[in-house]
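The next block holds one structure in the form of structure tokens; read it before the comments.
No lab work stands behind these numbers, since they all come straight from the coordinates. Treat the numbers as computed from the prediction; the structure is a model and nothing was measured. In this analysis, Cβ positions are derived from the backbone assuming ideal geometry, glycine residues included, and neighbour counts consider all displayed protein chains.
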Amino acid sequence: MTHNNPDPDSLGGALGLQEFARQAAGVESRLAIKGKILRAENQAMVRELRIPMDRIEDVDLAEFDCFALVDTQPGFGHTKVPDGVRVDIVLDHHVCADATVDLRDVAFVDVRPEVGATSSLVASHLIEAGVKPSAEAATALAYGIKTDTADLSRNVTDLDLKAWDFLFPFVDRKRLVAITNPRLPAAYFQTLKDALGKVRLYDGLTLCSLGRTTSAEMVAEVADMLLRMEGVRAVFCGGLVGNNYHVSVRTEIGGDAWKLIREGMNDQGGSCGGHGSVAGGVIPLESGDARTLRRLERRLEKNVLAAAGLAGSNAAVLGDRDD
Ligand SMILES: [Mn+2]
């Protein structure tokens, strides 16, 4: 099982673990998810690689001897381990502030927060076991590494590079390109247009609240995009999906995204996690009405500015061209 609304790294890691179980141990497994596959790229990944998966609620868990969590940990806000299930394996690279995480009863724990992608960590087990991955597993793992490390540019360790070199000869490059460049719905560009109108620029720090939006992935995508602006060293981006306010933080390499999200979300409830220059979190709200949302956004902005040493500064916005 992955975290809710699985991203490429969690899907890649899960597929890699299945490959490991099949080839190194002769064990068949099923991949189960909760939530939806939301980004167009992630949907293309599932389609191109024909990733077989079930909804966790449709799986009869009593039929299984072993339960693994990939790219997440028990107790994380975006992961609900089904009642009565004992977790046997945890493969992850996130740091978490939640005190509820308890790994003492888990038989096999491999959590390495310094590694750029869970997919790299899973690939290292394939390397050690001498497993030659299928094109599907290799492509999924490689795409997981590619997305979590922004093309091997962020949070990269020697292990990520070693995993990439190992996987690349097995990767189906044609399908990898199809996954990386899918067609996008018009609604995507509408969201982008709205987001740009809500950007608040401070000295080296950019905030953007999308208001009500389509998915947590959209929040992450806008955060990634805004970090590319010249002079921007950190981005704090949020958006409401249902009654949950999702936050994505990005910093330039060497920055501490987790510190910024922790201090930004201070006293607002919810949960957050992250590693290096990437962090994400979610704040459950009692109501998703406009007033509640505005008040939350104001408190977050105040916290984030204080955390960045910018308390009291004024925001600039992306205005209309006047020429
Ligand atoms: Mn990951």
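Among SER124, SER119, the order by Cβ neighbours within 10 angstrom, fewest to most, reads SER124, SER119.
For segment 97-216, the alpha carbon positions stretch 51, 43, 27 Å along the principal axes, listed from largest to smallest. Computed from phi, the 3J(HN,Hα) profile of segment 205-217 under the Karplus parametrisation 6.51, -1.76, 1.60 (θ = phi - 60°) reads 10, 10, 10, 8, 10, 7, x, 6, 9, 7, 6, 4, 5 Hz, with x in place of Gly and Pro. The slack in the chain from LYS36 to ALA24, taken as 0.36 nm per residue of separation less the alpha-carbon distance, amounts to 1.3 nm.
Between PRO185, PRO52, PRO169, where does the largest GNM mean-square fluctuation fall for the chain, given springs only between Cα atoms within less than 10 Å? Looking only at PRO185, PRO52, PRO169, the largest GNM fluctuation is found for PRO185. Tell me which of SER248, VAL199, GLY276 sits at the most positive position along the dipole axis of segment 188-307, charges placed on C-beta atoms (Lys, Arg +1; Asp, Glu -1). Of SER248, VAL199, GLY276, it is VAL199. Both the radius of gyration and Dmax for segment 8-180 are 15.2, 44 Å, in that order, over alpha-carbon atoms. Put in line by how crowded their Cβ is, counting other Cβ atoms within 10 Å and starting with the fewest, TYR245, TYR188, TYR202 read TYR188, TYR202, TYR245. Couplings 3J(HN,Hα) of segment 176-186, computed from phi: 4, 5, 4, 6, 6, 10, x, 5, 10, x, 4 Hz, in residue order, whole Hz [Karplus 6.51 cos²θ - 1.76 cosθ + 1.60, θ = phi - 60°; x for Gly and Pro].
Given Cα pairs under 8 Å that are at least 6 residues apart, what percent is the relative contact order of the chain? Walk me through the numbers before you get to the answer.
Numbers: 631 pairs, mean separation 48.9, N = 323.
Here the relative contact order equals 15 percent.
Each listed q (0.10, 0.13, 0.16 Å⁻¹) maps to a log10 I(q)/I(0) for segment 188-307, found by the Debye formula over equal Cα scatterers with no solvent: -0.24, -0.42, -0.65.
State to the nearest 20 debye the size of the charge dipole of segment 1-71 about its Cα centre, where the only charges are +1 on K and R beta carbons and -1 on D and E beta carbons. Intermediate values should be presented prior to the final figure.
Working: 8 positive and 13 negative charges, 49 e Å.
Its charge dipole is roughly 240 debye.
Arranged by the count of other C-beta atoms within 10 angstrom, fewest first, what order do THR292, THR191 take? Walk me through the numbers before you get to the answer.
Numbers: THR292 15, THR191 20.
In order of increasing Cβ crowding within 10 Å: THR292, THR191.
Charge dipole (Cα centre; +1 on Lys/Arg Cβ, -1 on Asp/Glu Cβ; no other charges) of segment 188-307 amounts to roughly 300 debye. Taking the Cα atoms only, what angle lies between the long axis of helix 118-129 and the longest principal axis of the chain, rounded to 10 degrees? For helix 118-129, the angle is close to 20 degrees. A Förster radius of 51 Å, combined with the Cβ-Cβ distance separating GLU128 from ASP267, puts the computed FRET efficiency at roughly 0.70. Can you give me the angle between helix 158-167 and the longest principal axis of the chain, using Cα atoms only, in degrees from 0 to 90, rounded to the nearest 10? Its long axis makes an angle of about 60 degrees.
Please give the per residue volume of the convex hull enclosing the alpha carbon atoms of the chain, rounded to a whole number of Å³. Mind dumping the intermediate values first?
Details: hull volume 47.2 nm³, N = 323.
Taking only Cα atoms, the chain has a hull volume of 146 Å³ per residue.
Only one residue of ALA290, GLY84, ILE261 has its Cα farthest out toward the positive end of the dipole of the chain, where Lys and Arg carry +1 and Asp and Glu -1 on Cβ, and that residue is ALA290.
Of the cross-linked pairs LYS34/LYS174; LYS193/LYS259; LYS198/LYS302; LYS146/LYS174; LYS36/LYS132, which ones have a Cα-Cα span greater than 20 Å in the structure shown?
Values: LYS34/LYS174 29 Å; LYS193/LYS259 29 Å; LYS198/LYS302 16 Å; LYS146/LYS174 15 Å; LYS36/LYS132 30 Å.
Check vs 20 Å cut-off fails for LYS34/LYS174; LYS193/LYS259; LYS36/LYS132.
Only the Cβ atoms of Lys and Arg (+1) and of Asp and Glu (-1) were treated as charged; on that basis the dipole of the chain about its Cα centre amounts to roughly 840 debye. Taking each DSSP H run with n ≥ 4 as -39500 (n - 2.57) and averaging over every residue of the chain yields -11500 deg cm²/dmol at 222 nm.
Database remark: amide H of PHE64 closer than 5 angstrom to no amide H (H placed geometrically; neighbours at sequence offset of 5 or more, or on other chains; Pro and chain starts carry no H).
Calculated translational diffusion coefficient of segment 75-145 (10 °C, 1.306 mPa s; Stokes-Einstein with Kirkwood radius over alpha-carbon pairs) equals 115 µm²/s. Go ahead and run the numbers for FRET between ARG183 and ASP83, Cβ-Cβ distance against an R0 of 45 Å, rounding to 0.05. Once the sixth-power term is evaluated, E becomes 0.65. Approximating the spin labels as points 7 Å out from Cα along Cα→Cβ, the LEU310-to-ASP256 distance works out to 1.8 nm.
Taking every pair of Cα atoms in segment 127-179, average 1/r, invert it to obtain the Kirkwood radius, and report Rg/Rh to two decimals. Rg/Rh for segment 127-179 comes to 0.96.
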